[in-house]
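The values are calculated or read from the model by the stated rules, or taken from the named source; none is laboratory data. The structure displayed is predicted, hence computed values, not measured ones. Here Cβ is always computed from backbone atoms with ideal geometry, including for glycine, and neighbour counts include all displayed protein chains.
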Amino acid sequence: MYQNLARLNLKNPEDVFTIDFFRDNPHPFYALAKELYPGRYHPTISHAFIALLHDKGLLHMLFTQNIDCLDRVAGVPNEKIVEAHGSFHTQRCIECKTPFPDDLMKDHVDRGEPPHCTHSTCGGLVKPDITFFGEKLPEAFFRNVERVAETDLLFIMGTSLQVAPFSMLPDRAGSAIPRVLFNMERVGSLGRRSDDVLELDACDVGIRKLAAELGWLEELERKWRAIVGDEEAEKQAARTSAMQLTEDLEEADDELVESMATRISAIDLDETDWRPSSLHSPAVNGPIAASEEVARPAIADGVDGGQAAPATSSAPRPAEGLVVADVPVPASRNAGSPGSSHGSSLVKPLGDGQDSNYEPPKPATTNDQK
Ligand SMILES: [Zn+2]
């Protein structure tokens with residue numbers, strides 16, 4: 001998406017999401033809003049899984065960094081969603097905060113035209129309730145932060161966990177709460193507790209695995225297809241398997257490189273001191289740079305020669321964020337209203353004093369697609 005920003009001739013692309021800049025010139029934002037507006041992307045099976053948890057009465061709360069409303073599209077109800085960086089779901093005047101009607105907003109976004117406050121004497125600019133640079137996180141985030149500690153199981157799905165204070169949410173889970181990460185790589189403190197579970201793969205792949213273990217896979221697949229339609233489901237499934245194929249090939253590539261390295265190191269290089277000494281050790285991955293040239297061509301046919309790259313402009317947005325799920329528990333644990341066991345005086349806003357460091361949902365999180 002930052003590529004698309006280039007044509008707007010901005011000194012700093014992040015300006016588009018900066019409140020002061022927006023107040024001066026909302027046009028770049030509205031030029032982009034059309035591309036970001038809900039309706040362009042479809043939920044993935046991971047979004048559908050969160051909705052399925054809700055159907056089964058197991059979803060305690062969903063915290064998301066996404067602004068794309070795909071969880072809503074999948075069927076997660078408003079009261080179970082905390083959009084930590086806001087979303088396109090609602091909009092209001094940036095001056096007097098008067099809400100602006102959805103249908104008018106859609107019109108303006110379609111035309112790329114900044115809307116103005118409906119309040120007769122105000123005329124301020126209207127902005128979707130996305131958290132911009134220089135803005136505080138939504139009140140709902142701080143109000144609900146303690147709910148992480150109330151749950152029985154925490155799923156962390158598809159996130160780099162790099163933006164505070166959101167990134168600290170998994171650490172709010174007490175030591176008795178198992179945490180399960182569905183992500184391409186380990187993030188945050190996940191993996192440091194002995195009962196953390198790391199499912200390091202594409203989020204959708206991990207979620208399918210879990211659903212299969214639970215005996216929910218068919219039900220989940222049905223639900224998801226009912227939401228996105230068969231055609232979109234096939235498209236996404238093809239992309240997921242292309243992604244897996246690429247990963248498998250990369251893995252095979254690594255193995256080949258390693259075996260080449262071993263073989264090269266087995267060659268008696270004698271005293272010729274033209275390579276790092278690590279090359280002499282069969283156990284190290286050190287000489288990859290040298291051996292890669294040898295190994296690559298064998299793989300290139302498969303990877304570069306026509307295999308679809310997974311991250312294309314039409315790739316679905318991954319579910320990103322955090323799901324807090326209730327597994328059935330003794331009634332005592334969940335009795336009463338949420339937070340009844342936590343006096344409000346105990347509720348300390350997470351990341352208090354960190355707002356100034358807050359970075360809004362970097363459009364770069366959807367970067368691969370633009
Ligand atoms: Zn106003």
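Each row is one residue, and each column tells you yes or no for (1) under 30 Å from PHE182 (Cα atoms); (2) at pLDDT 90 or above; (3) not in a loop (DSSP other than H, G, I, E, B).
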| residue | (1), (2), (3) |
| --- | --- |
| LYS11 | no, no, no |
| ASP15 | no, no, yes |
| PHE22 | no, yes, yes |
| PRO28 | no, yes, yes |
| ALA31 | no, no, yes |
| GLU35 | yes, no, yes |
| GLY39 | yes, no, no |
| HIS42 | yes, yes, no |
| SER46 | yes, yes, yes |
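Of the residues making up region 73-111, those that are more than 14 Å from the ligand (Cβ to nearest atom), outside any helix (DSSP H, G or I) and touching a Lys or Arg at 6+ places or on another chain (Cβ under 6 Å) number 0. Criterion applied to ARG72, ARG40 was being within 23 Å of GLY229 (Cβ to Cβ) and either within 14 Å of the chain's Cα centre (by Cα) or surrounded by fewer than 18 Cβ atoms within 10 Å (Cβ to Cβ) (or both), and the one residue passing it is ARG40. Scanning region 114-146 for residues that are part of a loop (DSSP other than H, G, I, E, B) and closer than 18 Å to PHE21 by Cβ yields a count of 8.
Could you identify the single residue in GLU139, GLU146, GLU135 that is modelled with pLDDT under 95, acidic (Asp, Glu) and touching a Lys or Arg at 6+ places or on another chain (Cβ under 9 Å)? Outline the logic, then answer.
Working: GLU139 fails: touching a Lys or Arg at 6+ places or on another chain (Cβ under 9 Å); GLU135 fails: touching a Lys or Arg at 6+ places or on another chain (Cβ under 9 Å).
From the options GLU139, GLU146, GLU135, the qualifying one is GLU146.
When the criteria are applied in full, PRO128 fails the requirement of being within 11 Å of the ligand (Cβ to nearest atom) and either within 23 Å of LEU70 (Cβ to Cβ) or touching a residue at least 60 places away in the same chain (Cβ under 8 Å) (or both).
Is it the case, given these coordinates, that LEU220 is over 21 Å from MET61 (Cα atoms) and among the hydrophobic types (A, V, I, L, M, F, W, C)? Against the criterion (over 21 Å from MET61 (Cα atoms) and among the hydrophobic types (A, V, I, L, M, F, W, C)), LEU220 does not qualify.
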